[in-house]
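Chemist: Mind looking over this structure? Questions follow.
Read-outs: derived from the displayed coordinates by stated rules, not from any lab. Quick caveat: nothing in here was measured; it's all calculated off a predicted structure. All Cβ positions, even for glycine, are placed from backbone atoms using ideal geometry, and neighbour counts span all protein chains on display.
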Amino acid sequence: MHLKSITLFPEKYPTSNYYPFNVSVFKETKTIEFHANITFFIGENGTGKSTLLEAIAHKCGIHIWKAEEKTRVRQNPYAQTLYKYMDVHWINGYVPGSFFGSDTFRYFAQSVEEWAIADPGMLDYFGGKSLITQSHGQSLMSMFRARYELKGLYLMDEPETALSPKSQLELLKILNKQGSKQHAQFIIASHSPILLACPGAEIYSFDHVPLTRVEYEDTEYYKIYKNFMEDRTRYL
């Protein structure tokens with residue numbers, strides 16, 4: 001494990017009227033501690049999971065690959081500033097890492113393809129194959145299998161989005177394998193009850209204020225899927 005904890009400073013927030021500083025979980029949570037190599041952030045959409053994940057990336061110097069935004073819509077000036085009001089605490093000093101977002105992966109894959117024109121060996125870091133000539137799900141799994149062999153802090157935002165249940169099981173095996181080696185630490189925002197089943201993983205629920213650790217069987221995802229499988233007619 002590399003990252004020990006995160007400290008938030010609500011008293012220093014520049015506003016209480018705009019997202020994310022108007023979100024209760026960020027107002028009431030002061031410290032988030034990590035006790036396992038794999039930590040999940042869960043909760044309904046809009047509760048702040050992805051926002052905190054991106055803030056951790058910024059604070060840890062991890063680049064988030066995004067295409068240039070071109071819009072005339074008025075932007076929230078505070079949307080990407082949470083990292084300015086938090087500290088991260090390492091166990092044995094800084095380690096490099098990466099951020100995965102299912103909505104930005106295609107842009108990252110295209111960038112890798114351009115680098116590989118000048119340096120074909122670049123693809124060796126991502127499974128040895130072009131990421132854009134495979135299906136979306138296949139390219140994701142190629143990257144996961146190759147990238148997470150390296151020591152680092154890995155942040156993942158809803159990796160299950162483009163993965164079939166079978167591929168989610170494969171990713172679950174990768175997380176369990178790499179997390180058990182102690183060289184990799186994962187913090188993952190997810191809705192997947194398959195991924196959440198990772199042995200020894202820690203789960204934080206953003207549906208609780210302040211942010212609270214919960215057991216796998218107590219998550220809404222587990223309960224909903226279990227009840228549906230046992231009697232799907234109740235949902236029809």
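Chemist: Per-residue ellipticity at 222 nm for the chain, helices alone: DSSP H runs ≥ 4 residues times -39500 (n - 2.57), over residue total, nearest 500 deg cm²/dmol?
Modeler: Calculated from helices alone, the mean residue ellipticity at 222 nm is -9000 deg cm²/dmol.
Chemist: Given a cut-off of 21 Å, name the pairs among K12/K59; K151/K181; K30/K223; K151/K173; K59/K151 whose C-alpha atoms lie farther apart than that in the structure shown.
Modeler: Table pairs above 21 Å Cα-Cα are K30/K223.
Chemist: If R₀ is 30 angstrom, what is the calculated FRET efficiency for the pair R106 and A146, using the beta carbon separation as r and rounding to 0.05?
Modeler: 0.95
Chemist: Among DSSP beta bridges whose residues both lie in the chain, state the antiparallel percentage, nearest 5.
Modeler: 35
Chemist: Answer rounded, prolate or oblate for the chain, using the Cα gyration tensor with square roots of eigenvalues a ≥ b ≥ c: rounded when a/c is under 1.5, else prolate when a/b is larger than b/c, else oblate.
Modeler: rounded
Chemist: Rounded to the nearest 5, what is the percent of antiparallel bridges among the DSSP beta bridges in the range 106-236? Intermediate values should be presented prior to the final figure.
Modeler: Working: 3 of 9 bridges.
Of the beta bridges lying entirely in the range 106-236, close to 35 percent run antiparallel.
Chemist: As an exercise, use a Förster radius of 30 Å and the Cβ-Cβ distance of D119 and K177 to find the FRET efficiency, rounded to the nearest 0.05.
Modeler: 0.60
Chemist: Full-extension gain between R232 and I91, please, as 0.36 nm times their residue separation minus the C-alpha to C-alpha distance. Please report the intermediate quantities before stating the final value.
Modeler: Working: separation 141, 0.36 × 141 = 50.76 nm, distance 4.59 nm.
Result for the pair: 46.2 nm of gain on full extension.
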